[in-house]
Amino acid sequence: MFGLPVSRGVAIGRAVLVASSRVDVAHYFIDPGQAEAEIGRLRRARDEVAAELVALKEDVPEEAHAELVALLDVHLMMLHDETLAEATKQWIEERHYNAEWAMSAQLEVLARQFDEMEDDYLRERKADLEQVVERVLKAMTRSARGAGGGEVVPSARDFAGEDPLVLVANDIAPADMLQFKRSVFTGFVTDVGGRTSHTAIVARGLDIPAVVGAREASRLVRQDDWLVIDGDEGVLIVNPSPIVLEEYRFRQRQAELERARLDRLRNKPSVTLDGQRVDLLANIELPVDAAAAIAAGAVGVGLFRSEFLFMNRGGRLPDEEEQFEAYRDVVTALGGLPVTIRTVDIGADKPLDRLTAHEQRHEHMLNPALGLRAIRWSLSEPDMFAEQLRAILRASAYGKVRILIPMVAHHAEILQIRQALDAAKAQLTRGGQPFTDVDLGAMIEIPAAALMMPSLLRHFDFVSIGTNDLIQYTLAIDRADEAVAHLYDPWHPAVLQLVSQTIAHANAMGKGVSVCGEMAGDPAFTELLLAMGLRSFSMHPAQVASIKQRVLRADTRSLQSALLRVLAADSPQEACRTQMGAR
Ligand code: PEP
Ligand code: MG
């Protein structure tokens, strides 16, 4: 099967099918000696739900709601059905899955069987089964929380000795992707999504092989199938032959060797052959990522996507204090290196709750990418924006902080941003809270912003080019939509013109400019961006070493002379290869 390659490398493992709505179910291995206790937990949850259903049944007068009573009977029957109970136990005993995971794994198996039924009535019972399982899962979550257990997501080392696992889902929301940081999965495949959808971006940040937009994958792959994910080519192989498997295992080993080689560049300064210093910065999503940024040898954080602090919170957003602590932690961890905090970029494919872009489109918003997102959302929530600005300013007392505003396009917005920032500073001063000077930057991700650079630059200290959105809005291609993913082209001459002009304007006015979209971490663009005059790249920590390798081998003098030819070419990608030696 083919999809879009979004995160490099090869993963080999058994398929774990998870419904999109249940990606957040805890997935971890239990100690084999705990199987009995885990089955006990399952039994207690089942008894609790049975009592709930019986109580519900007693509450409805049978004469008035015969249908509802019959339905509750069906649910009770399913709850006690042996195919569900026994098989769930087996997942726990034989595979050492935790109870929630075992239950949802079995649900996937049964759901397939329902889908294949001829009889309409029986086929529709799938929804009932899902409701019953949902109730049991909720009961288990309640009891885990009640026992003070909170979120139990053990780290990867807990599954030594088990087969590696690959997650297969129709879609994964960006917020759910964050769980992968500590999950048991070594790769994932989704049916939907584009190359720079936020789900793909988080995967790249985690440096785990992934294929998105594989269309039918979650329908065709079966629970437990062996899978090979080729994250370089966007290929998914189901139950590979031994020869194919051996080939991919070889490639896995090669990639490990290459990684070890690149690791040695970590402490080397990033300077071109002709002595140009190039800053390689890190993109991060959560404060814990700061460690990876440092370990990768990044010279600062070029993009802290603060919106990830706002996700999965059941409606309660982080207040000023909580945000301040998160920002301060990153600033302190970076020990004096600059930290660029982007104000929340909520909306489009990053909703506050767990809706994915696809669900949003179908549920209520026609065109979330063109709607109330990023700075538009912040300006529509002035209290929240003020809290965030104060939290960031307060963190500036601990190191070097810069504020970055996403999706700026209008002068009226710039004035509002300036006023909000002045007001936040005045409030802190009145309250005696310390802060230092922070540079204010704009993301260039709407063509309008790129085309008004000279006037825009009068109001900002620096700019950062968000190529992911700049491509989406220049080419009118939804970055999260796999149906048009083939047209999402970072090499499009119009995109390159906008990037090139933005860099040239900023350099001419002596203002800082960097690229923080995925283009910055793609080695195919390093020479071209250097030729355009870019000296600051921000990317996933895992990409820093391979970009540094390109920088060390580049000579900007010879690259510059080829720039105009590449920009004027019908196929800039081809021209870049022949004229700049880029691969
Ligand atoms: C971009 O648009 O390129 C960018 C860096 O921001 P995000 O991917 O978070 O939208
Ligand atoms: Mg963006």
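The values are calculated or read from the model by the stated rules, or taken from the named source; none is laboratory data. If you're wondering where the values come from, they're calculated on a predicted model, not measured in any experiment. Here Cβ is always computed from backbone atoms with ideal geometry, including for glycine, and neighbour counts include all displayed protein chains. Accessible surface is based on the protein model in full, side chains and every heavy atom, while ligands, DNA and RNA are left aside. Shrake-Rupley method; radii C 1.70, N 1.55, O 1.52, S 1.80 Å.
On average, how much accessible surface per residue is there in the chain, in Å², for a 1.4 Å probe, leaving out ligands, DNA and RNA?
Result: 43 Å² per residue.
Applying 1/(1 + (r/R0)^6) with R0 = 60 Å to the Cβ-Cβ distance of Glu124 and Ala295, what FRET efficiency is obtained, to the nearest 0.05?
That gives a FRET efficiency of 0.70.
Non-local amide H neighbours of Val401 (under 5 Å, H modeled in plane, Pro and chain starts lacking H): which ones?
Val339
With everything on Cα atoms, drop me the angle between helix 493-508 and the longest principal axis of the chain, reported from 0 to 90° to the nearest 10.
Between the helix axis and the principal axis of the chain, the angle is about 50 degrees.
Can you check what the net charge comes to around Ala426, using other residues whose Cβ is under 13 Å from the Cβ of Ala426 (Lys, Arg +1; Asp, Glu -1)?
On the way: positive: Arg390, Arg418, Lys425, Arg430; negative: Asp422.
Value of the local net charge: +3.
Compute the length gained on full extension between Leu71 and Val244: take 0.36 nm times their separation in residues and subtract their Cα-Cα distance, giving the result in nm to one decimal.
Residue separation times 0.36 nm, minus the Cα-Cα distance, leaves 57.4 nm.
Restricting to the chain, compute how many DSSP beta bridges are antiparallel as a %, nearest 5.
The answer is about 30 percent antiparallel.
Relative to the longest principal Cα axis of the chain, at what angle does helix 556-568 sit, 0 to 90 degrees, rounded to 10?
Helix 556-568 sits roughly 70 degrees off the main axis of the chain.
Could you run the Karplus curve 6.51 cos²θ - 1.76 cosθ + 1.60 with θ = phi - 60° over region 39-44 and give me ³J(HN,Hα) per residue in whole Hz, x for Gly and Pro?
Each residue of region 39-44 in turn: 5, x, 4, 5, 4, 4 Hz.
Name the long-range amide H neighbours of Gly512: under 5 Å, sequence gap of 5 or more, or other chain; modelled H, no Pro or chain starts.
Residues meeting the amide H criterion: Val463.
Amide H neighbours of Ser536 under 5 Å, counting only residues 5+ apart in sequence or on other chains, H built in-plane at 1.01 Å?
It is Asp279, Val515, by chain and number.
With a point put 7 Å past each Cα toward its Cβ, work out how far Glu233 is from Arg259 in nm, to one decimal.
A separation of 2.0 nm, rounded to one decimal place.
How many percent of the accessible area of the chain is carbon or sulfur, using a 1.4 Å probe?
C and S atoms contribute 53 percent here.
Take the Cβ-Cβ distance between Gln560 and Phe2 as r, set R0 to 35 Å, and report the resulting FRET efficiency rounded to the nearest 0.05. Write out the running numbers ahead of the final one.
Numbers: r = 38 Å, r/R0 = 1.09.
Efficiency computed from Cβ-Cβ geometry: 0.40.
May I ask what percent, to the nearest 5, of DSSP beta bridges between residues of region 267-416 are antiparallel?
Rounded to the nearest five, the antiparallel share is 15 percent.
Among the lysines, which fall within straight-line cross-link reach of Lys548, defined as a Cα-Cα distance under 21 Å, with same-chain neighbours fewer than 8 residues apart omitted?
Cross-link targets: Lys268.
Could you give the nm distance between label points at Ala50 and Arg577, where each point is 7 Å from its Cα heading toward the beta carbon?
6.5 nm
Calculate how many DSSP beta bridges within region 264-580 are antiparallel, expressed in % of all such bridges and rounded to the nearest 5. If you can, show how the numbers build up before the last one.
Values: 2 of 29 bridges.
The antiparallel fraction comes to roughly 5 percent.
May I ask for the net charge around Gln90, where only other residues with Cβ less than 13 Å from the Cβ of Gln90 are counted and Lys, Arg are +1 while Asp, Glu are -1?
Net local charge, Gln90 excluded: -4.
Using a cut-off of under 16 Å, list every residue of region 101-124 whose amide N is near the label point 7 Å from the Cα of Leu220 along the Cα-to-beta-carbon line.
None, by backbone N distance to the label point.
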